[in-house]
Amino acid sequence: MEENILLVDDDAALLEVTSIVLMSEGYEVVTAEDGVEALRLLDRGNYDLVVLDVMMPKLSGFEVLKEIREKSDVPVVLLTAKSQSVDKVVGLELGADDYITKPFDTKEFLARIKAILRRFGRNDGESRAGVIRLGPIELDQNGYTVSRDGEVLDLTPTEFRILALLMKRPGQAFTRAQISEAVSTSSHYLASRYIDVHISRLRSKIERDPSKPGIVQTVPSVGYRAARPGK
């Protein structure tokens with residue numbers, strides 16, 4: 001099955017050229033020239049990747065990204081004409097998976113796109129709707145179950161939400177505050193100071209050796225992340 005990419009940029013010439021480059025590699029490409037149109041297209045279709053310009057009329061790329069992350073975990077690559085690191089930091093904090101600075105080399109652009117699709121694609125990530133695999137762990141978002149080597153594990157709702165958050169974005173480090181905000185619900189607020197306790201209990205259930213965790217890794221001075229596939 002061909003991978004579908006939503007390409008969003010207010011530069012019509014760049015859209016045309018980049019679309020041709022991507023389609024020449026076998027990707028299905030849908031384009032939008034502003035953030036409002038992009039969100040409309042996202043509501044109507046399923047995409048494997050969104051390539052999103054930061055500076056756009058109507059809605060900026062950051063605003064679009066924020067709305068995407070409220071309802072989807074589709075990987076997002078930001079395009080920015082600026083070299084300032086602040087834009088990159090803001091984008092990554094909002095949930096972008098990578099960024100590419102314009103103007104870019106076509107070969108580098110394709111390499112980055114392929115790397116993101118490999119990281120989050122059907123082979124390394126979800127092999128069927130709602131299922132994420134990492135090593136011996138399989139997390140079914142629809143069935144709300146987690147198994148290790150086929151054996152269903154007894155996780156609490158909080159442990160499940162933490163694991164799902166990390167496994168959806170392997171390799172990305174989350175602070176305790178970010179985890180707390182992401183997994184808290186309207187009826188249950190999880191204070192960041194309790195994250196370590198829940199991580200410890202989660203590891204005792206999913207790790208072969210909790211003293212040497214290979215699924216949920218500690219990021220010194222930051223927080224936690226899920227291991228990258230194959231790492």
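Give the residues of segment 1-28 whose amide nitrogen is closer than 18 Å to a point set 7 Å from the Cα of VAL36 in the direction of its Cβ.
Residues 8-12 fall inside that zone.
How many nm separate the modelled label positions at ARG112 and ASP154, each set 7 Å beyond the Cα in the direction of the Cβ?
4.8
So, R0 is 22 Å and r is the distance between the beta-carbons of ASP43 and GLU63; what FRET efficiency does that work out to, to 0.05?
The value I calculate is 0.90.
Measure off 7 Å from each Cα along the Cα-to-Cβ vector at THR175 and ASP140, then give the distance between these two points in nanometres to one decimal.
Using points 7 Å along Cα→Cβ, the separation is 3.7 nm.
Would you mind calculating the gained length between SER200 and ASP105 on full extension (0.36 nm times residue separation, minus the Cα-Cα distance), in nm to one decimal?
29.8 nm
Sticking with the crude label model, points 7 Å out along Cα→Cβ, report the distance from GLU25 to LYS71 in nm, one decimal please.
Simple spin-label model gives 2.8 nm for this pair.
Please list the radius of gyration and Dmax for segment 131-226, considering alpha-carbon atoms only, with Å as the unit.
Here Rg and the maximum Cα pair distance are 12.4, 34 Å.
Run through the DSSP bridge list for the chain and note the antiparallel percent, rounded to the nearest 5.
Of all bridge pairs located within the chain, approximately 50 percent are antiparallel.
Set the Förster distance to 45 Å, then compute FRET efficiency between ASN4 and ARG208 from the Cβ-Cβ distance, nearest 0.05.
The pair ASN4/ARG208 has a calculated efficiency of 0.80.
In deg cm²/dmol, rounded to 500, what helix-only [θ] at 222 nm does the chain give when every DSSP H run of at least 4 residues adds -39500 (n - 2.57) and the total is split over its residues?
The per-residue figure over the chain is -11500 deg cm²/dmol.
Read-outs throughout are calculated quantities, based only on the coordinates presented, and are distinct from any laboratory measurement. The structure presented is a predicted model; accordingly, all values stated were derived computationally and were not measured. So basically every Cβ, Gly included, is an ideal-geometry build from the backbone, and we count neighbours across all protein chains shown.
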